[in-house]
Amino acid sequence: MNLALIGYGKMGKEIEKIAVSRGHQINLITDVNNPNDLTVENLRKCDVAIEFTIPRSAVNNYRICFEAGIPVVSGTTGWLDKKEEVLKNCKDTNGTFFYASNFSLGVNLFFELNKKLAQLMANRNEYEVEMTEVHHIHKLDAPSGTAISLAEDILEILPGKTSWVNDKTPAENELNIKSVRQDEIPGIHTIKYESEVDFIEITHSSKSRKGLAFGAVLAAEYCIGRKGILTMKDLLNI
């Protein structure tokens, strides 16, 4: 498989290592140093693009990939206010878009554990839920895309919660997400249900970016021969 890497920071370099170790070739690398190389012509020499950049450039990167007719796998977060626009663009061009707020296989299993715990707590009014996410100081968005995904799953299940807030005192119907930026921490997400007498807590901690990179390469492999909107649930057959 011939890959394009859009974004060549720490994640891009880790993805390159994993992809090469699995027998793939990197045909195109673009980042802030050579943005003009991200063209339809160059992308058409590749089978799949893997995109890890920043929110303000992500949507345009997707558009160019759709125009080139190649699948795009993206882990960039912070652009979801443009989600409907991106999904429509993908469908209109008969494209392939694989997006995940987190490509770690463990995190995606954690998503399912989070939903199961929320189901068990749905009628337990004596417990109050909150979430904490901790990431490295270079992360631009808060809360993390993973935290938002976890929160949205909780909101769908808990009858007393209708929205989430970030780092503020929540109203009764709000789920508070505490965001911490510290050192070089890859990512820690904790959901806590607390009553007057005890608390129940589940946590996922990433040891490094390697798990994210591995999942992104698996997603790129999965995209070959497929069309439409794809997610980690498709890849994991959940």
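Figures for the structure shown
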{"item": "Angle between the chain longest axis and helix 83-92 axis [Cα atoms, degrees, rounded to 10]", "result": "40 degrees"}
{"item": "Choice from 62, 127, 222 showing the highest fluctuation, given a GNM over the chain with Cα pairs closer than 10 Å", "result": "127"}
{"item": "Eligible aspartates and glutamates near residue 227 by straight Cα distance, threshold 20 Å, same-chain separation 8 or greater", "result": "47, 51, 67, 84, 85, 92"}
{"item": "Relative contact order for the chain, counting Cα pairs under 8 Å that sit 6 or more residues apart, in percent", "result": "22 percent"}
{"item": "Packing-based exposure ordering (other Cβ within 10 Å, fewest first) of 202, 15, 137, 191", "result": "137, 202, 191, 15"}
{"item": "Centroid-to-centroid separation of the range 85-104 and the range 33-62 [C-alpha atoms, Å]", "result": "14 Å"}
{"item": "Qualifying trypsin sites (Lys or Arg not before Pro) for the range 1-106 [loop in DSSP, other Cβ within 10 Å: at most 16]", "result": "22, 44, 45"}
{"item": "Kirkwood Rh, angstrom, the range 105-205 [1 / mean 1/r, Cα pairs]", "result": "13.7 Å"}
{"item": "Total charge dipole magnitude, the chain, about the Cα centre, Cβ charges on Lys, Arg, Asp, Glu only, Debye to nearest 20", "result": "860 debye"}
{"item": "On Cα atoms only, tilt of 55-68 relative to the major axis of the chain in degrees", "result": "40 degrees"}
{"item": "The range 105-205 - percent relative contact order, Cα under 8 Å, separation 6 or more", "result": "35 percent"}
{"item": "Rg/Rg_ref, the chain, where Rg_ref = 2.2 N^0.38 Å and atoms are Cα", "result": "1.06"}
{"item": "Part-to-part distance (alpha-carbon centres) for the range 117-138 and the range 184-215, which is given in Å", "result": "11 Å"}
{"item": "Within a Gaussian network of the chain (alpha carbon springs, distance under 10 Å), most fluctuating of 163, 101, 179", "result": "163"}
{"item": "Between helix 210-223 and the chain: long-axis angle, C-alpha atoms, 0 to 90°, nearest 10", "result": "60 degrees"}
{"item": "Spatially proximal lysines relative to residue 161 (Cα-Cα < 19 Å; intrachain offsets below 8 disregarded)", "result": "115, 116, 178, 192"}
{"item": "Coarse-grained scattering of the range 23-100 at q = 0.19, 0.26 Å⁻¹, given as base-10 log I(q)/I(0) from a Debye sum over alpha-carbon atoms", "result": "-0.76, -1.40"}
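No value in this document is a laboratory result; all are computed from the given coordinates. Values in this document were obtained by computation on a predicted structure and should not be read as measured data. Methodologically, a virtual Cβ is constructed for each residue, glycine included, from the backbone with ideal geometry; neighbour enumeration extends over all protein chains shown.
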